Every structure is written in structure tokens, then in C-alpha cells.
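Chemist: Got a structure for you, written out below as C-alpha cells; questions coming shortly.
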Amino acid sequence: MLLITGAAGFIGHALTNVLATLGEEIIGIDNLNDYYDPALKWARLADAGVDRATVELHGEAVSRRFPRYRFRKVGLEDRAGINQLFTDFKITKVCNLAAQAGVRYSLTNPLAYVDSNVTGFVNILENCRQHQVEHLVYASSSSVYGLNDKVPFAESDPVEQPASLYAATKRSNELLAHTYSHLYGLPTTGLRFFTVYGPWGRPDMAYSLFSDAMLNGRSIKVFNHGEMSRDFTYVADIVEGVKRVLLQPLPLRPGVPNRVYNIGNGSPVSLLTFIETMEEHLGIRAEKEYLGMQPGDVEKTFADTSALEQDYGYRAATDLSTGIKVFVDWYREYYRYTS
């Protein structure tokens, strides 16, 4: 059985649907917190066939869409709840996608990040160790590269200058995973995600904020006066990479069974080009409010994905215009905007 944490989240929902469609037996968990509107999280669960009333009454539910998928409401920081989860189910592989997300939110709510991203991750590691889990795959982040100015970012680059608490917690995950791999032989693989976008995306991400503002006649905030670029990666491409790492055998190498990979598009796009693409598919000209750099942000991200390509044959396949069109179509449908 596969455990997917953060199953009501953006990437977790997409991964769960793909793996469940393949017939994998899955237990998904999420704490359904209110960092952003929980209605979107419940909608993702509904899309995967999980009934809200059953979850609220019993704490868990079997999907009506995927009979081999069961969802349970529990948070990573709930030690007893996580222990019980591993006791109740024979979990062989874990994909840990649950985390307190958001760089800017970490500036004002640091303890939420420690609880979920550090304490919660240790709970997962410890249960993986105690229950002889075959492989732990977990979400890291391109933010670990912090203030590095060398591009593209490679896994061998130094990652000792985080620019935000969020980045620091993600780097701590990598160090903790390596320690468990070294001490206990637990196979672990970290995936450094680069700016994921697509349908069912988080409302605090730039593409959602831009869509909301543009469709409601408000200006959009363009930080660092537009002098930024991101390695935007379509969610289906991310899911394909995660699926390969989770389901395929680990590459055979001597030493500690610990790996870290970049997973991104490998082709950064300027923020202004990204906005132009959104304007094209929304059919709206954005009114731009140019602002300075925000604390915790970095100017550029750019993934070197050659290691993941070599070991798993992964390469992102979706161009920006195609991905943005799918997102915009979903956004209009979900929020019922009309032209």
C-alpha cells in the first residue's frame, strides 16, 4: 500500500488520481487546515471520489471513484495519529507531500512551519523506520538554493544560504532524511520542486492571484519590477516524475540509500512573459503595479534536471502556453467566471 500525505493538496490530489487510476492501493491523509480556503481541498477530495460527510463523521472514507483509495483526516504533527496510521495499514512506500507551504507566510507564522515541516516530517521518518517502509519519497523545494546566483541549479550546488524559513525547513528535511538513510538504511529520495502550476492550484500562487485580479478588474502586483524568472513546471509533468521515482526501483549505487533530485521544466520564463501568456488566454490586459522585491523571494530559479533524466528518464513535456490554457479553462469553470 502507498501512503500519500497532503492528498487534498495541489500536487497530492493530482498524484493520487493518477496512481489510483493505475489501480494502486492508496491511503491518503491531510489535515485540511485553513492556510487557504478548505473548500478547495474538499473539492479536490470530491473530485477523487471522497465524500466529505463521511470524513467529517468517521474521520475517513473510501473513495467512491477509486475503490482502492481510502482517505483519512490526520496531520503530520499528530504523533499518535500517524503511529495509528502505520499500525492500521501495511504501508510499503510513502510519498510525503504534506507541508506548510508559502514563502511569505513563513515570515509571520514560523511555528506552523516547524510543526508541520520539521516535527511532522520526523514523525513520518520514525514510522517509516519502525515499519520497514521500502522507500520514502518526499517533497523538497527549489527554495533550498536560496541566495545562490549560479544557474542552472544543480544538486551538487551549495544549499547553505536559505532565504526564508520555509526554505530552511525544506533543507532540514533533506538532512534528516539523509541521517535516517545513513543510520537505519531507510531508502529516501527528495524531490526539489520548481514552481508548479496547473488546474486545482493553490489560490495563494501568483497565477491564481493574477487570474483573480484580472478577472475582477484589479491590478496585479509585479514584484522586483518584473525582473524575475521562474522554472514554471506543469503539474502533470511533476506528477509523472514523482510517479516514476515512487514506483520504479531505486538506482543501484553503493553507500547511503539517499538521493536528492531537481524536478522542474529546465527552462526558466521571465515573470513578464508569464503574465503575457496569462493575458493571452484570459483575453484580458493586466494593469500592473510594480513593486520591489519581497523578503524571502529570489530573483531566478532554473533547474538542471539531468540527474533525474539519467536515472528515471524524466523530462518535462508541457510548454507554458499549453499549461496556462488548461489552468485558465479550469479556473473559469471552478470559479464560474465568464468572459
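The values are calculated or read from the model by the stated rules, or taken from the named source; none is laboratory data. Computed from a predicted structure; not experimentally measured. Methodologically, a virtual Cβ is constructed for each residue, glycine included, from the backbone with ideal geometry; neighbour enumeration extends over all protein chains shown.
Chemist: Which residue out of Pro158, Pro152 is without any contact (Cβ under 8 Å) to a residue 40 or more places away in the chain, within 21 Å of Phe194 (Cα to Cα) and over 20 Å from the mean Cα position of the chain (by Cα)?
Modeler: Every option except Pro158 fails the conditions.
Chemist: Identify the residue in the range 316-333 that is in contact with a helix residue (DSSP H, G or I) (Cβ under 8 Å, 6 or more places away or on another chain) and assigned to a loop (DSSP other than H, G, I, E, B) and, among all such residues, is nearest to Ala213 (Cα to Cα).
Modeler: Out of the qualifying residues, it is Thr318.
Chemist: Taking Leu85, is it closer than 21 Å to Val137 by Cβ and not in a loop (DSSP other than H, G, I, E, B)?
Modeler: yes
Chemist: Within the range 53-82, how many residues are surrounded by fewer than 16 Cβ atoms within 10 Å (Cβ to Cβ) and either in a helix (DSSP H, G or I) or in contact with a Ser or Thr (Cβ under 9 Å, 6 or more places away or on another chain) (or both)?
Modeler: Residues that pass the stated criteria total 8.
Chemist: Just the residues that are under 17 Å from Arg259 (Cβ atoms), without any contact (Cβ under 8 Å) to a residue 24 or more places away in the chain and crowded, with 17+ Cβ neighbours inside 10 Å, please, taken from the range 161-211.
Modeler: none
Chemist: Pick out the one residue from Ala139, Ala101, Ala112, Ala163 that is farther than 20 Å from Pro268 by Cβ, at pLDDT below 90 and in contact with a Gly (Cβ under 9 Å, 6 or more places away or on another chain).
Modeler: Ala101
Chemist: Any residue at all in the range 330-339 that is of a type in the set (Ser, Thr, Tyr), in contact with a Pro (Cβ under 7 Å, 6 or more places away or on another chain) and either modelled with pLDDT of 95 or more or buried (at least 17 other Cβ atoms within 10 Å of the Cβ) (or both)?
Modeler: No: the range 330-339 contains no residue that is of a type in the set (Ser, Thr, Tyr), in contact with a Pro (Cβ under 7 Å, 6 or more places away or on another chain) and either modelled with pLDDT of 95 or more or buried (at least 17 other Cβ atoms within 10 Å of the Cβ) (or both).
Chemist: Here's another thing I want to ask about it. For the range 297-314, give me the residue count where each residue is within 25 Å of Asp212 (Cα to Cα) and touching a helix residue (DSSP H, G or I) at 6+ places or on another chain (Cβ under 6 Å).
Modeler: Adding up the residues that qualify gives 1.
Chemist: Right, another one. Being part of a strand (DSSP E or B), aliphatic (A, V, I, L, M) and at pLDDT below 95 is the filter; apply it to the range 194-249 and report the residue that is nearest to Ala39 (Cα to Cα).
Modeler: Looking at the filtered set, the residue picked out is Ile220.
Chemist: Mind listing whichever residues of the range 260-296 are aliphatic (A, V, I, L, M), in a strand (DSSP E or B) and within 17 Å of Thr322 (Cα to Cα)?
Modeler: The answer is Val269, and nothing else.
Chemist: With outside any strand (DSSP E or B), within 27 Å of Thr169 (Cα to Cα) and touching a residue at least 40 places away in the same chain (Cβ under 8 Å) as the only criterion, which of Val137, Val94, Val118 stands out?
Modeler: Of the residues listed, the single one that is outside any strand (DSSP E or B), within 27 Å of Thr169 (Cα to Cα) and touching a residue at least 40 places away in the same chain (Cβ under 8 Å) is Val118.
Here's the yes/no breakdown for (1) over 15 Å from Val94 (Cα atoms); (2) in a helix (DSSP H, G or I):
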position: Leu147; (1), (2): yes, no
position: Val151; (1), (2): yes, no
position: Asp157; (1), (2): yes, no
position: Gln161; (1), (2): yes, no
position: Tyr166; (1), (2): yes, yes
position: Leu183; (1), (2): yes, yes
position: Leu191; (1), (2): no, no
